[in-house]
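The values are calculated or read from the model by the stated rules, or taken from the named source; none is laboratory data. What you are looking at is a predicted structure, and each value in this text was computed from that prediction instead of being measured. Positions of Cβ are generated from backbone atoms using ideal geometry, with glycine treated the same way; all protein chains shown enter the neighbour counts.
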């Protein structure tokens, strides 16, 4: 399905989140933060995929906004895991921020194209 950098990167992020959370659950016995992160981190790509099957431009933009919110939430949980000493893996956070930037750019482009 993937002809989209955003789809590829969001799926890769979801897999990284799953791996990180499994590692933290196993090694640090933490499940509250990781359960939240798995939900939001995997929801990003799911909402992006839904956007590609949206009913019009407004629905497409709305789905990307939901993905952006989930991405911001994931960024928060990752920061807590890092600052709380549960992990030192900053790469997942960097990838989350990268996906967030692409989402913002995609939303802005879709809004601009919608006005044309």
Against the condition under 14 Å from the mean Cα position of the chain (by Cα), modelled with pLDDT of 95 or more and on the phi < 0 side of the Ramachandran plot, how does residue 83 come out, does it pass? no
When the residues of region 64-116 are narrowed to those that are in contact (Cβ under 8 Å) with a residue 60 or more places away in the chain and not in a helix (DSSP H, G or I), which ends up surrounded by the fewest Cβ atoms within 10 Å (Cβ to Cβ)? 89
The number of residues in region 40-59 that are more than 13 Å from the chain's Cα centre (by Cα), in a helix (DSSP H, G or I) and closer than 15 Å to residue 10 by Cβ is 2
If I go through region 1-32 residue by residue, how many of them are over 10 Å from the mean Cα position of the chain (by Cα) and closer than 15 Å to residue 92 by Cα? 10
Checked region 15-38 for anything surrounded by 15 or more Cβ atoms within 10 Å (Cβ to Cβ) and under 12 Å from residue 77 (Cβ atoms); matches are 17, 20, 21, 24, 30, 33, 34, 36, 37, 38
Restricting attention to region 39-60, which residues are closer than 15 Å to residue 7 by Cα and surrounded by 19 or more Cβ atoms within 10 Å (Cβ to Cβ)? 41, 42, 43, 44, 45, 47, 48, 51, 60
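Conditions (1) over 16 Å from residue 66 (Cα atoms); (2) modelled with pLDDT under 95, marked per residue:
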site	(1), (2)
1	yes, yes
4	yes, yes
7	no, no
15	yes, no
21	yes, no
24	yes, no
32	yes, no
41	no, no
